[in-house]
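Shown next, in structure tokens, is the structure this report addresses.
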Amino acid sequence: MYAYLFDSFLQERKYQHDIGQIENRLSTLGIQGKIEKMTILKNIQEAARQAIKRGVATLVVVGNDETITKVLPQIIDSDVTLGLIPLGPQQTIARALGIPDGVVACDVLSRRILRRLDLGRANAVYFLFNLVAPADVTVDCGGQYRVTSLDPAGSLMTANFPPAGTAGQPDDGRLELIVTPGRGARGWLPGRRSSGGSVFSITKAKFTSPAGPVNLTLDGQVTVKTPATVEVVRRKLEVIVGKDRAF
Amino acid sequence: MAMFQRDSGADVKDVETIIGATVKVEGNFVGTGDVVIEGHVAGTLKTSKNLRVGEQAVVKADVEAANVVVAGEIRGQVSCSGRVEILATGKIFGNVDTQTIAVAHGAILHGKVSMAGHETVEAKPGK
């Protein structure tokens, strides 16, 4: 049983044509289900909780990265499979999962290629894609070694979907810690000689900042303060993916 | 054996760990994949695969790897189950335990070299 949650920003007139096409295509493919369109008075977190309570097997969110981030905490401890129909800007997660924009995504849903993905967790907050930290954070990796950036203008990221060229995968039980130098230093690019970037494969790490608590940003939306324990949670989320996925 | 390419830095596609020039690592690093060091490492470093120490790298650690290419500096014991290659810019200040070794013209090696499978020959004083 499917349920479809449309994010509130899709009320804008410019999306109505796409939404009509999507509804028709879902019906044609025989994967229609209860459709709920969010408004300023109806939030997607509550709608997701209610759908799970009703016993849906597949919850499809229609929207962008922010929509997924809002729904993620509601479905983590359920057996629900997550599906996506990307509409609107900021589609980093959909790109990585190989889901095309708009009505074409319905065909990906109907093909139903399932992958069980790892999630990252910072203290008690989950993330699907990445965690970004300022460069002055020290990372203690499993109590064995510490990683410190020597470039105050750089940045630090823990990625579940690592950039192309690194060995990591979002279902390998590991996260990639990536330290990128700031301006003036050469950025990390696969195959480039003496690039300044760093990559570590980790399962658990503690993020601390000597200057006091700083914000870690999860999936570009949620923040968690240091000190934070960041770890991978293996195969926590089942997702429908496309054949053009990045892993 | 997919050894690192000598002049192209490294074939980083399958490299598990890259320690860049702007990063310092302290402690006991243990990896299972290829490791490239361009920055600073202090403590110990162990991997079951290959290690490349870049030209600007400073490693103050005992290191253990399958194969080691040194273009920078290592201060510590080097243990290697395969081949150690010290390039012209490479420096090792410490003992080396390996199967085979290649030392380029201009490289610096201060330490005792032990090669597994080969008997140690004590130098006899001349008559």
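Worth pointing out:
- Other protein chain Cβ atoms within 10 Å, averaged over every residue that makes up B:50-60: 1
- Within the shell of other residues whose beta carbon sits under 14 angstrom from the beta carbon of B:K46, the net charge comes to -4, with Lys and Arg scored +1 and Asp and Glu -1.
- Note on B:K112 and A:S110: the model spin-label points, each 7 Å out from Cα along the C-beta direction, lie 7.5 nm apart.
- Peptide packing: for A:146-152, A:61-67, the average count of neighbouring Cβ atoms within 10 Å per residue gives the ranking A:61-67, A:146-152, highest mean first.
- Proximal charge balance of A:I85 [Cβ under 11 Å; K/R count +1, D/E count -1]: -4
- Value of relative contact order over the stretch A:82-183, rounded to a whole percent, pairs C-alpha under 8 Å and six or more apart: 20
- Listed residue (A:P73, A:L84, A:I44) projecting farthest to the positive dipole end of the stretch A:8-91, Cβ model: A:I44
- For the protein assembly as shown, the 222 nm mean residue ellipticity estimated from helices alone, with every DSSP H stretch of n ≥ 4 adding -39500 (n - 2.57) and the total spread over all residues, rounds to -4000 deg cm²/dmol.
- Euclidean distance of C-alpha centroids, the stretch B:75-108 and the stretch A:1-41, integer Å: 64
- Average other protein chain Cβ within 10 Å of Cβ, residues B:42-48: 1
- Relative intensity of the protein assembly as shown on a log10 scale, I(q)/I(0) at q = 0.12 Å⁻¹, equals -0.90, per a Debye sum over C-alpha point scatterers of equal strength in the absence of solvent.
- Residues of type lysines that A:K243 reaches as a straight line, Cα spacing below 24 Å, ignoring anything fewer than 8 places off in the same chain: B:K13
- Cross-link pairs beyond the 24 Å C-alpha cut-off, checked among A:K42/A:K225; A:K14/A:K42; A:K37/A:K236; B:K60/B:K112; B:K24/B:K49; A:K70/A:K236: A:K42/A:K225; A:K37/A:K236
- Summed residue charge, Cβ within 15 Å of B:V58's Cβ, Lys/Arg positive, Asp/Glu negative: 0
- The residue list A:V108, A:A167, A:P181 was ranked by how far each Cα lies along the charge dipole of chain A toward its positive end, using unit charges on Cβ atoms, and A:A167 comes out on top.
- Per residue of B:24-32, other chain Cβ atoms within 10 Å of the residue Cβ number 5 on average.
Computed from the coordinates by the stated procedures, all read-outs in this text should not be read as laboratory data. As the structure is a computational prediction, the values presented were derived from the model and not from experiment. Here Cβ is always computed from backbone atoms with ideal geometry, including for glycine, and neighbour counts include all displayed protein chains.
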